[in-house]
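Take a look at the structure below.
The values are calculated or read from the model by the stated rules, or taken from the named source; none is laboratory data. From a predicted model like this one, the values you see are computed outputs, not experimental measurements. Every residue, glycine among them, receives a Cβ derived from its backbone with ideal geometry; neighbour counts consider all protein chains shown. SASA here: full protein model, heavy atoms, side chains in, ligands and nucleic acids out. Shrake-Rupley method; radii C 1.70, N 1.55, O 1.52, S 1.80 Å.
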Amino acid sequence: MNKYITAFYNDEEDLLKGLKQIKAKGVNVADVLSPFPVHGLDTVLGLKRSKLTRVAFTGGAIGALLGFGFQAWVFTKAYPLNFGGKPFLSVPSFMPVTFELAVLFAAFSMVFAFLIHNKLGPGAKTVIHDERITDDRFLLVINLDEDDDPHSIEDVLAEAGAHGITLKKQN
Amino acid sequence: MDNLTFKLDKKLITIFLVMIAVGLLSLVIGYFTGAGGNRIAANLLLNNYYFLSMGLIGLFFVAVHTIAESGWQTSMQRVGEAMSAFIPVGGLLLVLFFILGGLHAIYPWTHEDHLDEILLKKVAYLNVPFFYIRLVVFLGAWSLLAHFLRKASLALDVNGDMQYLKKMRTLSAVFVVVFAVTSVVSSWDWLMSLDPHWFSTLYGWYVFSSMLASGFAMIILVVSLLKNMGYMTHVNDEHMHDLGKYLFGFSIFWAYLWFSQYMLIWYANMPEETVYFIERHKYFTEVFYVNLFLNFVVPFLLLMTRRAKRVSGVLVPVAIIVFIGHWVDLYMMIMPGAVGGEHAGIGIVEVGLTIGYLGLFGLVTFWSLAKAPLASKKHPYYKESMEYHTNY
């Protein structure tokens, strides 16, 4: 059973200011749920850059190699056909399919990597902490360990101007 | 020291003047070592067109962002404007070049007594008087629009009167429409008609994409040079990142158009079209592949990551490579038609004239930069430009 605390801010400026205070007190904020991207939030939270770009590159490279390799195999080994006297292994005519497969694989690998990593997709359990985080509220999530004292953390949050501090449990 | 007031110091002027002198000297050397009139004329055309297109992309850069009301480019708007100061200079040189024999030397359709059946059918368009009319109309329209846009931009800087921004917007919209047509038609006139039998519908856009990629490479180089000299400290990694994205994106766009043109001709295999690539591949095999390598492979692989676009140690070398690459691309467009495979080459004339034109372009651009503050502080988007932040 995991315990965690949620609290919210009504304004992005307050959020950034408050987060810096909370961080300075040594409290680790796991995530911030916000209705729109807040500039500078990633830096304050100390989030690492997404690795999605590497997934995309790898997926794209695999797609390109597969696309090219498959055509090369089909048109030289499996089913060679003579198109207008051109050589069987004619690279320019393979390019469109190679390109399309690179794009397709890059896109799919990104979508699936995103869904798997975030445990999203059909049948995923949704947790809505606050109805208004899609509207005008910025919600902090702080995960608690066994030896953390919830009260001291709540004090820190209140001091930093956060509202609606609640302790929650998740099975 | 205020780092927004650019002073053109003697050292920089000397460097540019020496470069121009190198260009003139190489012209003389080329003439006396028998490089051939065609080759000299083709090189003059190449460099004139190349640096004229840099000026045009400078203007295009300002115009497009003014219409789109984008904030970030306000920080480097002056660089685009300064580059556009080369349009009248390059235009005048181009007119002189055509009048002083360049036209007759390398354009086969001007030899009116020796026109074959195909060229006779094209006489309604490809004839000398109409060519000059188009030339003057294009260069006149570009120069005037560049002049008035610059004037409105300077007027805006006096007290931030919004009427001048509206005027800039109108002028920009007119320029973008005019440029959409004239960039294509001028590429038929000045480049494609060197091989007057051959034609390609895609050619105009292909040339335009080449102009865009090399133009953005030049903007990156000018901004980096200014930053290196201690000016324009307000242009930070975020702005360079966006310029890098332009360079990256338009290099891919160029490759896309290059390949589209190549593959259709290769696949259809019609003699009147394939002759273009056969000559290029037969006599310029290395240049043919180097062109693709410099303009697509290098920027595509090196500029892919976020870091590469933000670190000047990567961005500037890539911009230099792309700058050279699109010179090579123009070389591939011009030389086979104008000089022919047996006589073309890369020697003193090619390198020297490019250095000369680069010096002239640099002199005009930096001279224009010195005439106004490097940032338009009264521009309504100036503050937005300073607080610009980009994630990806």
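Against the test of being away from chain A (no Cβ under 14 Å) and either among the small types (Gly, Ala, Ser) or touching a Ser or Thr at 6+ places or on another chain (Cβ under 9 Å) (or both), the options B:363, B:374 yield a single qualifying residue, B:374.
Results for (1) modelled with pLDDT under 95; (2) buried (at least 17 other Cβ atoms within 10 Å of the Cβ); (3) under 28 Å from residue B:98 (Cβ atoms), shown as yes or no for each residue.
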| position | (1), (2), (3) |
| --- | --- |
| B:137 | no, no, yes |
| B:154 | yes, no, no |
| B:160 | yes, no, no |
| B:172 | no, yes, no |
| B:176 | no, no, yes |
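For residue B:320, the criteria (1) buried (at least 18 other Cβ atoms within 10 Å of the Cβ); (2) out of contact with any Asp or Glu (no Cβ under 9 Å at 6 or more places or on another chain); (3) among the β-branched types (Val, Ile, Thr) hold in every case but one, which is (1). Say whether the condition of being in contact with a Pro (Cβ under 7 Å, 6 or more places away or on another chain), open to solvent by less than 20 Å² (accessible area, probe 1.4 Å) and in a helix (DSSP H, G or I) is met by at least one residue in the range B:347-370. Within the range B:347-370, not a single residue is in contact with a Pro (Cβ under 7 Å, 6 or more places away or on another chain), open to solvent by less than 20 Å² (accessible area, probe 1.4 Å) and in a helix (DSSP H, G or I). Exactly one residue out of B:178, B:223 is of a type in the set (A, V, I, L, M) and in contact (Cβ under 8 Å) with a residue 40 or more places away in the chain, and it is B:223.
Taking every residue in the range A:96-109 that is within 13 Å of another protein chain (Cβ to nearest Cβ) and pairing it with any residue that is among the aliphatic types (A, V, I, L, M) and open to solvent by less than 40 Å² (accessible area, probe 1.4 Å), at least 6 positions away or on another chain, the pairs with Cβ-Cβ distances below 7 Å are A:98/A:64; A:102/A:64; A:106/A:56. For the range A:134-171, a tally of residues being in contact with an Asp or Glu (Cβ under 9 Å, 6 or more places away or on another chain) and basic (Lys, Arg) returns 1. May I ask you to list the residues in the range A:116-171 that are open to solvent by 40 Å² or more (accessible area, probe 1.4 Å) and in a helix (DSSP H, G or I)? The answer is A:116, A:117, A:131, A:132, A:134, A:151, A:152, A:154, A:155, A:158, A:159. When the range B:281-307 is examined, which residues are found to be assigned to a helix (DSSP H, G or I), more than 19 Å from the chain's Cα centre (by Cα), more than 14 Å from chain A (Cβ to nearest Cβ) and within 19 Å of residue B:335 (Cβ to Cβ)? Once the filter is applied, which keeps residues that are assigned to a helix (DSSP H, G or I), more than 19 Å from the chain's Cα centre (by Cα), more than 14 Å from chain A (Cβ to nearest Cβ) and within 19 Å of residue B:335 (Cβ to Cβ), the range B:281-307 yields B:282, B:283, B:285, B:286, B:287, B:290, B:293. Which residues, counting only those in the range B:96-108, are among the hydrophobic types (A, V, I, L, M, F, W, C), within 18 Å of residue B:138 (Cβ to Cβ) and surrounded by 16 or more Cβ atoms within 10 Å (Cβ to Cβ)? Across the range B:96-108, the qualifying residues are B:97, B:98, B:103. For the range B:262-280, the tally of residues that are touching a helix residue (DSSP H, G or I) at 6+ places or on another chain (Cβ under 6 Å), open to solvent by 40 Å² or more (accessible area, probe 1.4 Å) and away from chain A (no Cβ under 12 Å) stands at 1.
The lone criterion from (1) of a type in the set (D, E, K, R); (2) within 30 Å of residue A:42 (Cβ to Cβ); (3) in contact (Cβ under 8 Å) with a residue 60 or more places away in the chain left unmet by residue B:350 is number (2).
For every residue, the table says whether it meets (1) at pLDDT 90 or above; (2) touching a Cys at 6+ places or on another chain (Cβ under 8 Å); (3) within 19 Å of residue A:141 (Cβ to Cβ); (4) not β-branched (Val, Ile, Thr).
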site	(1), (2), (3), (4)
A:41	no, no, yes, yes
A:46	no, no, yes, yes
A:65	yes, no, no, yes
A:85	no, no, no, yes
A:91	yes, no, no, no
A:96	yes, no, no, yes
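Looking at B:381, B:388, just one residue is modelled with pLDDT of 85 or more and either surrounded by 15 or more Cβ atoms within 10 Å (Cβ to Cβ) or in contact with a helix residue (DSSP H, G or I) (Cβ under 9 Å, 6 or more places away or on another chain) (or both), and that residue is B:381.
Residues of the range A:73-83 that are open to solvent by 70 Å² or more (accessible area, probe 1.4 Å) and either in a loop (DSSP other than H, G, I, E, B) or on the phi > 0 side of the Ramachandran plot (or both): A:79, A:81, A:82, A:83.
Scanning the range A:16-72 for residues that are open to solvent by 40 Å² or more (accessible area, probe 1.4 Å), more than 14 Å from every other protein chain (Cβ to nearest Cβ), part of a loop (DSSP other than H, G, I, E, B) and of a type in the set (A, V, I, L, M, F, W, C) yields a single hit, A:30. Return only the number of the condition from (1) of a type in the set (Ser, Thr, Tyr); (2) within 14 Å of another protein chain (Cβ to nearest Cβ); (3) assigned to a loop (DSSP other than H, G, I, E, B) that residue B:200 does not satisfy. With respect to (1) of a type in the set (Ser, Thr, Tyr); (2) within 14 Å of another protein chain (Cβ to nearest Cβ); (3) assigned to a loop (DSSP other than H, G, I, E, B), residue B:200 is out only on (2). Checking B:262, B:246, B:206 one by one, the residue that is under 16 Å from residue B:80 (Cβ atoms), of a type outside the set (D, E, K, R), part of a helix (DSSP H, G or I) and touching a residue at least 12 places away in the same chain (Cβ under 8 Å) is B:246 and no other. Scanning the range B:303-317 for residues that are among the aliphatic types (A, V, I, L, M) and surrounded by 18 or more Cβ atoms within 10 Å (Cβ to Cβ) yields a total of 4.
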